[in-house]
Amino acid sequence: MNIGRTIFRNIRIGISCSPNLYIPLRRMAGRTDGLAEVGTQLVIEGFPRSGNSYAEAAIRWSQRDTLKLAHHTHSAAHVLWAIKNRIPVLVVFRNPIDAITSLVQHEPERYAFSDSIREYISFHSALFRSQDSIVFSPFQQTTNGFPDVIRNINRKFNLDLRTYEDNSNENREIFNLLNRLSQSRKTIDGDTEPYSPDVALELKLRRKETRERLIEELTSSGRYASILAESMDVYRRLENIYISGTA
């Protein structure tokens, strides 16, 4: 166990759920990238590896990059601050087993299973009291049916964002933009995100094998059983909120 990493993650869990702490501290540190401010028109947030980057790229592509966005802080505090300031909010979410194993696979030096499960629970649980002010979107809807997500945003916040036909051509253009955004932010090593359709088959298979090993490690160990079950309860509650909000 990396004690230093665990202490840091636990401190972040506490701070990142409090708008009165997280937002001023981030501004004091000069880390205003992705942070909402006066004039922001939409906040996109979610636990890491839940479709955040695809949602951002899809919004930028569909709106011709004319919308002022805030995104990728992965903090509940950012969502709560946006709600308080009457900024529309989209929160993407994913099954915790898939999101957490993807996160540990992507950044093993920063994230461990136990810390990541606690962050998953705290991030989403902090939003429940404000759930009526948020559009939630599950991973499959985000990545395979984003035009309906835009329609949900329009209906919830009385907006008129442009929708589009969900087909392979549009999806490829969105992924091309996603890759360019990731390159500009230096969040990928090569030219494409590892989940991009353009990734070589060999790399996809290797990534799949690693993911399957991590899923087995996470779900077969009694060490995580209780807290993982709690995260699944949170996920089921998110699904119910999504279903009731789109009924």
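Computed quantities for the displayed model
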{"item": "Breaking point among (1) in contact with a Pro (Cβ under 7 Å, 6 or more places away or on another chain); (2) of a type outside the set (D, E, K, R); (3) farther than 19 Å from residue 96 by Cβ, for residue 200", "result": "(1)"}
{"item": "Condition check for residue 66: of a type outside the set (A, V, I, L, M, F, W, C), surrounded by fewer than 20 Cβ atoms within 10 Å (Cβ to Cβ) and at pLDDT 95 or above", "result": "no"}
{"item": "Criterion: under 15 Å from residue 235 (Cα atoms), in a helix (DSSP H, G or I), of a type in the set (A, V, I, L, M, F, W, C) and at pLDDT 95 or above - qualifying residue of 121, 59", "result": "121"}
{"item": "Residue match in region 129-142 (condition: surrounded by 20 or more Cβ atoms within 10 Å (Cβ to Cβ), of a type in the set (Ser, Thr, Tyr), in contact (Cβ under 8 Å) with a residue 12 or more places away in the chain and touching a Gly at 6+ places or on another chain (Cβ under 6 Å))", "result": "yes"}
{"item": "Residue count for region 27-53, restricted to those that are touching a Leu at 6+ places or on another chain (Cβ under 6 Å) and in a helix (DSSP H, G or I)", "result": "1"}
{"item": "Members of region 75-108 that are assigned to a loop (DSSP other than H, G, I, E, B) and touching a Cys at 6+ places or on another chain (Cβ under 8 Å)", "result": "75"}
{"item": "Selection count, region 220-247, where residues are more than 29 Å from residue 134 (Cβ to Cβ) and not hydrophobic (A, V, I, L, M, F, W, C)", "result": "4"}
{"item": "Output for region 69-110, where each listed residue is more than 15 Å from residue 218 (Cβ to Cβ), among the charged types (D, E, K, R) and at pLDDT 95 or above", "result": "84, 86"}
{"item": "Residue ID - surrounded by the most Cβ atoms within 10 Å (Cβ to Cβ), chosen from residues in region 74-115 that are farther than 15 Å from residue 126 by Cα and among the hydroxyl-bearing types (Ser, Thr, Tyr)", "result": "101"}
{"item": "Residues being of a type in the set (Phe, Trp, Tyr) and within 18 Å of the chain's Cα centre (by Cα) - total across region 161-201", "result": "2"}
{"item": "Single residue of 21, 42 found to be modelled with pLDDT of 95 or more, out of contact with any Ser or Thr (no Cβ under 9 Å at 6 or more places or on another chain) and either among the β-branched types (Val, Ile, Thr) or surrounded by fewer than 21 Cβ atoms within 10 Å (Cβ to Cβ) (or both)", "result": "21"}
{"item": "Filter pass, residue 123 being touching a helix residue (DSSP H, G or I) at 6+ places or on another chain (Cβ under 8 Å), among the aromatic types (Phe, Trp, Tyr) and farther than 19 Å from residue 75 by Cα", "result": "no"}
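The values are calculated or read from the model by the stated rules, or taken from the named source; none is laboratory data. Note that the structure is predicted; figures quoted are calculated from it, not measured. Cβ atoms come from the backbone with ideal geometry, glycine included; neighbour counts cover every protein chain shown.
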